[in-house]
Amino acid sequence: MSTRFLSLADAVGEHVHDGACVALEGFTHLIPFAAGHEIIRQRRRDLHLVRMTPDLVYDQMIGMGCARRLTFSWGGNPGVGSLHRLRDAVEHGWPQPLQLDEHSHAGMAAAYCAGAARLPFGMLRGYQDTDLPAHNPRIRTVACPFTGQSLAAVPAINPDVTFLHAQVADRQGNVAVAGIIGAAREAALAAKLLVVTVEEIVDCLPPAMNGLLLPHWIISAVVHCPGGAYPSYAQGHYERDNAFYQHWDAIARDREGFLAWMGEHVLGQRDNRAFLSSLLVEAA
């Protein structure tokens, strides 16, 4: 049975509901910005957002009132500084309070792996002699039944829906991911539903050398969405827009400026193509 091919609006409308646990993964590149923007356009609320290293896309979703909770490891604007909308939500409850479930990268990886394996929790040697367990009650300890060694335990992550961006899908719905994989495989397998936006659709996938192949039977929907990772990069298609990340720092610092920018470029545009075109007009 082949994967369904949907528009991004239809994929979000069908698979993302208020109160859902949603993961948008992609490590340094292939970050599904277009999916995040469509969730904002459809004004989804009360979401539990999950992401290893939340960056600009979650800053935007939090600032637009989509999130009630964030499970994450390291949140920031890579190479620039803080996520100002995330900070405002945590420190001042604007636009609404945000619950934090903070982990290390290793803790997030263990939680995703447990979710993918349909186990109740993941284990790791991390968190020893750190103060994070004192601030996150969801980090526990278990004793190894063989050695008695104390190990850290984190609850499994099983998103209601995971969104990924990838370079290519074939017409049956199989997806190939090249470059830095990050937690894409684990987040895909841990989810109840998986939606993948792609740069292109081809008749036959290229050989998966040093990459990841996601078979069509685990994918709920494929969306043809060129530029769907911008301003992050898609290896083999376009580079990271470093200037955008730097510019975002100024945009996000001010509530009114942030809302105006999001209103013009995200809420005011019908889809990702129009979003990208609006940025070209602004640059001109």
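The values are calculated or read from the model by the stated rules, or taken from the named source; none is laboratory data. Keep in mind the model is a prediction, meaning the values are calculated, not measured. Please note: Cβ atoms are built from the backbone with ideal geometry, for glycine as well, and neighbour counts cover all protein chains shown. To get the accessible areas, we keep the full protein, side chains included, count just its heavy atoms, and leave off ligands, DNA and RNA. Shrake-Rupley method; radii C 1.70, N 1.55, O 1.52, S 1.80 Å.
Tabulated data
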read-out	value
Residue (of Val80, Thr162, His103) at the positive-pole extreme of region 77-171, dipole from beta-carbon charges	Thr162
Reciprocal of mean inverse Cα separation for the chain (Kirkwood radius, Å)	19.2
Backbone HN-Hα couplings from phi across region 50-61 [Karplus 6.51/-1.76/1.60, Hz, Gly and Pro as x]	10, 5, 6, 6, x, 10, 4, 5, 7, 4, 5, 5
Approximate spin-label separation Gln96-Glu256, in nm, with each point projected 7 Å along Cα-to-Cβ	2.5
Whole-angstrom gap from region 1-79 to region 135-213, using each part's C-alpha centre	15
Dipole moment magnitude, nearest 20 debye, the chain about Cα centre, only Lys, Arg, Asp, Glu C-beta charged	660
Per residue, in Å², the accessible surface of region 100-174 once ligands and nucleic acids are set aside, probe 1.4 Å	51
Per residue solvent-accessible surface (Å²) - region 180-284, probe of 1.4 Å	52
From phi via Karplus (6.51, -1.76, 1.60), per-residue ³J(HN,Hα) for region 255-268 in Hz, x at Gly/Pro	4, 5, x, 4, 4, 5, 5, 5, x, 6, 9, 10, 5, x
Portion, in percent, of the accessible area of the chain that falls on carbon or sulfur, probe 1.4 Å	54
Karplus (6.51, -1.76, 1.60) ³J(HN,Hα), θ = phi - 60°, over region 116-128, in Hz, Gly and Pro reported as x	5, 8, 6, 9, x, 7, x, 10, 7, 7, x, 6, 5
Loop trypsin sites (Lys or Arg not before Pro), region 199-284 (other Cβ atoms within 10 Å of the site Cβ: 14 or fewer; DSSP)	Arg270
Sparse-neighbourhood loop sites, trypsin sites (Lys or Arg not before Pro) in region 111-171 - DSSP loop, at most 16 other Cβ within 10 angstrom	Arg118, Arg125, Arg138, Arg171
Student exercise, region 1-64 dipole from Lys, Arg, Asp, Glu Cβ charges, in Debye to nearest 20	80
